[in-house]
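To keep things clear, I will list the structure first and then write my remarks on it.
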Amino acid sequence: MASRMGLIGCLIVVVALLNGATTQVTAAVEYQVGDSLGWAVPPNTSYYSTWASSKTFFPGDKLTFNVTNGTHTVAMVSEAEYNACTKVTSFFELQPSVSFAYTLETASTYYIICTISNHCEQGQKISFKVESTGLPPNSASSLSVSALFVVLTTTAISFLTYF
Ligand SMILES: [Cu+2]
């Protein structure tokens, strides 16, 4: 009986560890857009797309736009407006003392530009996709493994109870 209890104990620990790992990857992440540069006219036009391409965004993640110099805006625009750097009238204005935090709520592609002067044309624009699940694509396998262990644990307990 002691070894049976030991087996169940091991399975429960494994399930707990797997669930712990899963919880870790679903935690919301807070990003400072552009890292130390913040939200500014970047040194090159691909700066923000490069910054975004190294990350995978999920609903619940938070983007903070900080400005260290001058005045800039954060405008959520359509893809066409993003491509044309359209000066939309709805935006949040930023100054060095005012930052803007935005929580990504829905899974879709976001298009954000600065509407001041020709900043957008100079590369102060960012587009990125927010994935539909809270899990990165490769964690589906750990979920399956976790589910498998739950099934095994349940089976083991039923089996031991039966005898
Ligand atoms: Cu700007």
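Values quoted throughout were computed directly from the atomic coordinates according to the rules given, and no laboratory measurement underlies them. Quantities reported herein were computed from a predicted structural model and do not represent experimental measurements. Positions of Cβ are backbone-derived with ideal geometry, glycine not excepted, and every protein chain shown enters the neighbour counts.
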Extension gain, residue 49 back to residue 92 (0.36 nm per residue minus Cα-Cα distance, nm): 13.4 nm
114, 120 arranged by Cβ crowding within 10 Å, fewest neighbours leading: 120, 114
Region 33-132 - Rg over Rh from alpha carbon coordinates, Kirkwood radius: 0.92
Whole-angstrom gap from region 46-82 to region 98-133, using each part's C-alpha centre: 3 Å
